[in-house]
Amino acid sequence: MAHIGRALELGGAGDRAAAREALTQLWDRVGGTGDALHRCTVAHHLADLQESVEEEVAWDRRALAAVADLSDERVQRHDASLRVGALLPSLHLNLADGYRRAGDLARAREHLSVAAPLAAELPDDGYGAMIRDAIARVGALLDAGSREPLAAP
């Protein structure tokens, strides 16, 4: 997780290509069957660094697939406050937004319809509010037929 954090620092400093390369190297080390927390986290962040929406959706799908192999016990070894259920709304939201921007409205609506009730279970904190707000914004863009990127809140 420390290596993932260092890769994300590169992206935060504006070097998306270096962050993408570092995370890709980590994915190659972890592999498609390695530790589920590492797979989910790397794929989730790699999605945000892709050049095309199709590549972004492919990485978002990998992140969601990895979470199926993840347990609360495993995520709590990393952070005692984490629960797998808290990851799901964001993962489905990312897929909904990616599919929306790719023009696959049926899949976008499908993932949004999964994300919304899961997000309702999130605590009333900053993270929960951010996810619920993004779900509403993606839903509005989807209803408007927009394929524009989701603007920062």
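Figures for the structure shown
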read-out: Calculated on alpha-carbon atoms, Rg and Dmax of the range 57-142 in Å; value: 13.0, 39
read-out: Descending semi-axes in whole angstrom, ellipsoid equivalent of the range 93-153, from the Cα gyration tensor; value: 20, 12, 8
read-out: Value of Rg to Rh for the range 7-69 (Rh from inverse mean 1/r over Cα pairs, i.e. Kirkwood); value: 0.96
read-out: Charge dipole (debye, nearest 20) of the chain; +1 at Cβ of Lys and Arg, -1 at Cβ of Asp and Glu; value: 140
read-out: Kyte-Doolittle mean at least -1.0, axial Cα span of 18 Å or more - DSSP H helices of the chain; value: 16-30, 53-67, 84-102, 105-120, 126-144
read-out: D (Stokes-Einstein, µm²/s), Kirkwood Cα radius, the chain, 0.692 mPa s at 37 °C; value: 207
read-out: The range 37-80, dipole about Cα centre (Lys/Arg Cβ +1, Asp/Glu Cβ -1), debye to the nearest 20; value: 240
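Read-outs: derived from the displayed coordinates by stated rules, not from any lab. Quick caveat: nothing in here was measured; it's all calculated off a predicted structure. Here Cβ is always computed from backbone atoms with ideal geometry, including for glycine, and neighbour counts include all displayed protein chains.
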